[in-house]
Amino acid sequence: MFDPSEKPRVFAAPPGADFPAVLVEGLRARFAGKPPEAMARVHLIVNTRRMERRIRTLFDQGPPALLPRISLLSDIATHAVAADIPPAVSPLRKRFELTQLISQLLDRQPDLAARATLYDLADSLATLMDEMAGEGVTPDVIEGLDVSDQSGHWERAKAFFSIARHFLEDVDKRPDTDTRQRRIVEAMAAEWAKAPPDHPIILAGSTGSRGTTMLLMQAIAGLPQGAIVLPGFDFDMPEPVWDTLDEALHSEDHPQYRFRHLMNTLGVAPSEVDHWHPVAAPCPLRNALVSLALRPAPVTDQWLREGPKLGNLPDATEAITLIEAPSVRDEALAIALRMRKAAEDGETAALITPDRMLTRQVEAALDRWNIIADDSAGSPLQLSPPGRFLRHVSTLFQRKLTAESLLTLLKHPLCHSGENRNTHLLNTRELELAIRRKGMTFPTPEVLRQWQVAQEFVPSAWVEWVISNFCDKVWDGKKTLSDRLEAHVALAENLTRGSAEGSGGLWDEAAGRKAAATIAQLRENAKFAGDMSAADYADLFGAIFAREEVRDRDSGHPNILIWGTLEARVQGANLVILGGLNEGSWPAAPTPDPWLNRKMRHDAGLLLPERRIGLSAHDFQQAIAAPEVWITRSVRSDEAETVPSRWINRLTNLLSGLPDQGGVQSLKEMKARGTHWMGLVSAIEAVKEIPPSARPSPRPPAQARPKRLSVTQIKRLIRDPYAIYARETLRLRPLDSLMKTPDALLRGIIVHEILEQFVSDIDKDMSLLSRDHLMSISETVLAKNVPWPAAKALWSARLDRVSDRFVASEAQRREHSRPIAYECGAKLTVPELDFTLVAKADRIDRTEDGDLIIYDYKTGKPPSQKDQRYFDKQLLLEAAMAEQGGFRDIDPAEVADAIYIGLGPSPKDEHAPMLDAPALEVWAEFLQLIAHYGDPSNGFTARRAMQSDRDVGDYDQLARFGEWDATDEPLPEDLT
């Protein structure tokens with residue numbers, strides 16, 4: 001196939017060329033006129049399964065021929081020399097063993113790292129070990145590094161490296177995948193050196209960025225019939241520029257650095273790299289422009305010398321569209337619009353970006369036209385339905401069952417996905433309403449059974465199923481990973497099965513199959529993980545699922561593609577969209593290395609952080625050379641200004657500096673094409689302007705107006721009449737929260753119960769009037785009604801702080817009065833207005849003179865006398881009702897005083913303004929207020945007199961507050 005040569009054979013295809021197509025055409029051209037079996041003797045090695053499939057597809061398109069033997073780089077593990085090398089240890093096993101050792105280390109030195117990062121630390125350390133094996137770096141090299149200026153960090157890292165050394169010293173007996181791969185390549189190279197194969201061996205599509213791959217490329221290039229075919233080789237870059245790429249610390253972020261490193265290793269000059277097949281790039285002029293724009297930073301002065309030689313730049317950029325969108329959403333919509341047009345026109349469109357958030361937004365935008373993109377990366381397994389479900393189930397073993405976790409699982413699409421799911425959802429709805437209504441923060445078997453007894457339609461069998469599968473699942477202490485995994489999977493299958501057989505839909509579809517495969521790997525290696533707590537298990541399980549991806553190859557549109565940057569090297573498309581071209585996204589910011597800094601990596605011979613930037617730059621240079629290209633970025637992201645990618649800056653700066661060649665015009669036209677598409681985005685996003693709602697003031701008929709209110713609702717009637725209309729006329733109630741929380745309302749209820757019991761005990765025995773007795777009651781009541789440890793401790797501390805004052809003031813109160821009623825109800829009807837006022841006083845005392853004193857406990861700040869006079873009339877109205885005999889079993893009597901007993905952070909008793917507002921006057925004002933709102937001509941105005949514009953009402957959303965404000969005139973609306 002190849003003529004004899006003293007130099008290694010290195011071929012290449014230019015950026016923008018359809019690399020698999022060029023590769024196949026070059027093979028066909030070289031074997032034209034030769035016997036069919038000649039092609040079959042060729043061994044073609046490629047780096048991805050996707051590229052292998054593409055090459056086979058191109059051969060299948062004809063003419064008929066025998067195919068070469070195609071294998072992947074990873075397939076060399078099946079070579080004959082591999083039989084003498086021990087099998088590779090499972091990566092998961094290695095990480096589990098590291099997890100055990102790191103866990104023991106953290107037990108001894110908990111300040112080294114948080115336990116939640118246990119698996120992440122093991123994974124990061126294993127990745128470093130894999131890299132050391134792949135690059136041929138020994139532990140002695142790492143320990144011999146100069147760390148004089150970073151001793152603090154190095155001392156912490158050394159504790160973990162002591163664990164890694166144990167594995168690396170045993171690597172010959174138990175090699176990991178990368179180590180075994182390197183050993184096989186070394187053995188193959190030694191075998192080929194002794195007896196070179198006489199058939200052609202071609203390695204195509206790799207950049208040689210990893211040490212093991214570089215070894216294989218060296219071995220193949222040295223064979224009599226060996227050859228390397230490089231993708232995206234810059235034939236436009238002059239020799240002197242190539243010479244500047246020799247130093248990794250300064251040049252590894254250049255797109256062609258890896259090729260320069262390969263050529264130096266093989267002893268090949270750039271001029272000796274030949275075209276694999278004489279094919280022109282889609283736009284050679286654009287390739288020259290991009291090559292000049294991406295020159296290494298120290299030699300960008302060559303722009304001034306070589307820029308004028310580029311020719312007519314509008315010809316180079318006529319197929320480039322530059323979009324600078326206001327936001328990521330707008331960027332995604334523009335991309336989706338263009339991909340939709342490509343689908344309609346039968347074009348192949350590929351979005352290339354490392355930004356997974358952008359791809360998800362593009363997929364969501366495409367969904368409005370029922371277009372499903374073929375996403376090469378798929379979606380994270382942990383975000384798939386089985387992944388989410390299994391992670392939720394794992395929490396049942398970790399912490400006490402809460403209403404939130406119970407309903408999260410009961411309402412999950414996979415729960416009870418066998419038979420009778422509709423009935424299951426009906427039962428779940430009834431249970432949710434009960435949980436919200438009764439505040440079941442921590443559902444227990446007893447509470448659930450009591451609830452079921454009162455139900456008419458919810459069967460006891462379903463409740464017992466809930467109890468058996470959800471309650472009392474917490475495992476204390478440490479268990480083996482195998483035990484935890486089997487219990488976890490068994491419970492998940494029980495929940496999905498419901499009352500049917502099998503495992504429901506848990507393992508169905510691509511996501512279910514991937515989850516099952518991941519769990520099978522866990523089962524296989526669980527014995528190496530040792531014992532762990534429920535929290536450690538949940539963290540480990542989530543971390544493993546987070547690293548897996550789910551992809552359904554058959555669901556996507558054949559012409560609408562989303563690729564990672566690796567796929568861009570080996571694919572071809574009519575339209576290539578380079579999305580998310582902002583610094584930090586593309587190129588991505590270097591991943592923080594917890595072990596070695598940049599200089600230490602360089603000194604050790606490991607890969608530098610700039611390697612990824614250089615590979616991304618090469619991907620960019622490849623992709624921007626496509627027939628039609630879109631370059632997109634968002635100006636803002638997450639409420640912050642973004643920085644354009646360095647490659648956009650270089651390209652636009654170069655164009656702006658070449659006005660005589662039409663550079664300024666080219667840039668303007670690129671942006672104009674982008675502006676056109678952004679205009680289309682604005683058009684599809686435009687909505688018909690809807691006038692804002694007016695401030696409501698509904699006027700229901702007299703028979704629909706409230707006929708009964710409590711004294712606590714009068715304040716709301718004065719401040720926000722609309723809220724009374726919504727609650728009493730429309731009978732709308734705010735939905736109770738799912739999780740009962742230790743809020744101010746519950747705190748008030750608890751304090752009332754404590755004080756009522758305390759004062760009641762004093763009535764029977766005055767010796768109990770003591771701080772100790774008050775705190776004893778509070779401990780009992782808090783333990784019974786407050787299941788939140790933090791709230792319990794906080795509220796107990798608050799009561800302790802005010803207990804001495806309350807006991808002392810209670811002694812003073814009893815010097816001139818005695819309690820006669822607690823939680824005493826009152827009711828007073830006004831026949832002429834057909835209205836009833838009700839109340840409940842916390843406590844009523846009677847003085848020696850027969851007068852009454854009304855008390856109300858306030859855990860917050862009591863209302864001021866001015867506020868009571870005009871708005872919060874609770875105590876004043878209760879006093880008026882008492883003087884008219886409205887309280888049950890209490891004869892009419894004069895009210896000597898009405899007092900709020902403050903129990904807040906700054907305890908203070910606040911008297912009602914009885915002198916300024918006598919009972920008769922308060923009652924007359926009340927009747928006037930009720931008569932006003934009983935008149936059908938008067939409306940219930942929203943937020944009529946709120947204390948503050950920042951106050952939030954339960955019915956503000958219903959009133960569409962925000963479309964109007966307190967300065968707007970209300971709009972009366974007659975209702976029938």
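Evaluate the following for K478: is it among the basic types (K, R) and touching an Asp or Glu at 6+ places or on another chain (Cβ under 9 Å)? Considered against the rule, which asks whether it is among the basic types (K, R) and touching an Asp or Glu at 6+ places or on another chain (Cβ under 9 Å), K478 comes out as yes. Of the helices (runs of 4 or more DSSP H) lying entirely inside the range 503-609, the ones with 1 or more residues being polar (S, T, N, Q) are found at 509-525, 565-568.
Within the range 343-365, the only residue that satisfies the criterion of being among the small types (G, A, S), farther than 15 Å from N559 by Cβ and surrounded by 17 or more Cβ atoms within 10 Å (Cβ to Cβ) is A365. Restricting the first residue to the range 520-538 and requiring it to be in contact (Cβ under 8 Å) with a residue 24 or more places away in the chain, which pairs with a second residue that is of a type in the set (G, A, S) meet a Cβ separation below 6 Å and a spacing of at least six or different chains? Qualifying pairs under 6 Å: N525/S90; A526/S482; A538/S394.
If you check P296, P231, P282, which single one turns out to be within 24 Å of M600 (Cα to Cα) and either among the acidic types (D, E) or touching a residue at least 24 places away in the same chain (Cβ under 8 Å) (or both)? Steps first, please.
On the way: P231 fails: within 24 Å of M600 (Cα to Cα); P282 fails: within 24 Å of M600 (Cα to Cα).
One residue alone meets the criteria, P296.
Quick check on the range 410-421. Is at least one of its residues buried (at least 20 other Cβ atoms within 10 Å of the Cβ), within 30 Å of P742 (Cα to Cα) and out of contact with any Leu (no Cβ under 6 Å at 6 or more places or on another chain)? Yes, the range 410-421 contains at least one residue that is buried (at least 20 other Cβ atoms within 10 Å of the Cβ), within 30 Å of P742 (Cα to Cα) and out of contact with any Leu (no Cβ under 6 Å at 6 or more places or on another chain).
The residues listed here are H254, H277; of these, the one that is part of a loop (DSSP other than H, G, I, E, B), in contact with a Leu (Cβ under 7 Å, 6 or more places away or on another chain) and in the same structural domain as T48 (by TED's automatic domain parsing) is H254.
Taking the options D120, D170, name whichever one is among the acidic types (D, E), at pLDDT 80 or above, within 28 Å of D536 (Cβ to Cβ) and not assigned by TED's automatic domain parsing to the domain that holds R50.
Values: D170 fails: at pLDDT 80 or above.
So the residue among D120, D170 that is among the acidic types (D, E), at pLDDT 80 or above, within 28 Å of D536 (Cβ to Cβ) and not assigned by TED's automatic domain parsing to the domain that holds R50 is D120.
Just the residues that are buried (at least 20 other Cβ atoms within 10 Å of the Cβ) and in a helix (DSSP H, G or I), please, taken from the range 651-669.
Within the range 651-669, the subset buried (at least 20 other Cβ atoms within 10 Å of the Cβ) is 651, 654-655, 658, 661-663, 666-667.
Result: L651, L654, L655, Q661, G663, S666, L667.
Can you find a residue that is closer than 21 Å to L66 by Cα and not in a helix (DSSP H, G or I) anywhere in the range 5-12?
First, pick out the residues of the range 5-12 that are closer than 21 Å to L66 by Cα: none.
Looking through the range 5-12, none of the residues is closer than 21 Å to L66 by Cα and not in a helix (DSSP H, G or I).
Residues in the range 726-762 that are in contact with a Pro (Cβ under 7 Å, 6 or more places away or on another chain), touching a residue at least 24 places away in the same chain (Cβ under 8 Å) and closer than 22 Å to R437 by Cα: T729 alone. Exactly one residue out of A723, A672, A702 is loosely packed, with under 14 Cβ neighbours inside 10 Å, over 30 Å from V802 (Cβ atoms) and at pLDDT 95 or above: that is A672.
Quick grid of which residues meet (1) of a type in the set (F, W, Y); (2) outside the structural domain of H392 (by TED's automatic domain parsing); (3) closer than 26 Å to L735 by Cα; (4) touching a strand residue (DSSP E or B) at 6+ places or on another chain (Cβ under 9 Å):
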position: V447; (1), (2), (3), (4): no, no, yes, no
position: E464; (1), (2), (3), (4): no, no, no, no
position: W475; (1), (2), (3), (4): yes, no, no, no
position: R484; (1), (2), (3), (4): no, no, no, yes
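Looking only at residues of the range 311-326 that are crowded, with 16+ Cβ neighbours inside 10 Å and polar (S, T, N, Q), we find that the one that is modelled with the lowest pLDDT is T317.
Checking the conditions here, which among L426, L448, L431 is more than 19 Å from L401 (Cα to Cα) and either in contact (Cβ under 8 Å) with a residue 12 or more places away in the chain or surrounded by 14 or more Cβ atoms within 10 Å (Cβ to Cβ) (or both)?
Details: L448 fails: more than 19 Å from L401 (Cα to Cα); L431 fails: more than 19 Å from L401 (Cα to Cα).
The match here is L426.
The residues listed here are Q455, Q450; of these, the one that is among the polar types (S, T, N, Q) and at pLDDT 90 or above is Q450.
Would you please name the residue that is nearest to the chain's Cα centre (by Cα), looking only at residues in the range 78-111 that are farther than 17 Å from M532 by Cα and surrounded by 15 or more Cβ atoms within 10 Å (Cβ to Cβ)? Walk me through it before giving the result.
To start, the set of residues in the range 78-111 that are farther than 17 Å from M532 by Cα comprises 78-91, 109, 111.
Restricting the remaining residues to those that are surrounded by 15 or more Cβ atoms within 10 Å (Cβ to Cβ) gives 79, 81-82, 85, 88-91.
Working: H79: 43, V81: 46, A82: 42, I85: 42, A88: 34, V89: 32, S90: 29, P91: 26 Å.
So, considering only residues that are farther than 17 Å from M532 by Cα and surrounded by 15 or more Cβ atoms within 10 Å (Cβ to Cβ), the one nearest to the chain's Cα centre (by Cα) is P91.
Evaluation of E925 against the conditions (1) touching an Asp or Glu at 6+ places or on another chain (Cβ under 9 Å); (2) modelled with pLDDT of 90 or more; (3) not hydroxyl-bearing (S, T, Y) shows that the sole unmet condition is (1).
Candidates are the residues of the range 675-699 that are surrounded by 11 or more Cβ atoms within 10 Å (Cβ to Cβ) and of a type in the set (K, R); the one that is nearest to the chain's Cα centre (by Cα) is R695.
With a cut-off of at least 1 residues that are assigned by TED's automatic domain parsing to the domain that holds S656 and under 19 Å from V550 (Cα atoms), name the helices (runs of 4 or more DSSP H) lying wholly within the range 281-384.
On the way: elements: 284-293, 302-306, 313-317, 328-345, 356-366.
So the answer is 356-366.
The values are calculated or read from the model by the stated rules, or taken from the named source; none is laboratory data. Because the structure is a prediction, the values reported are computed rather than measured. Counting neighbours? That spans all protein chains shown, and the Cβs are built from the backbone with ideal geometry, glycine included.
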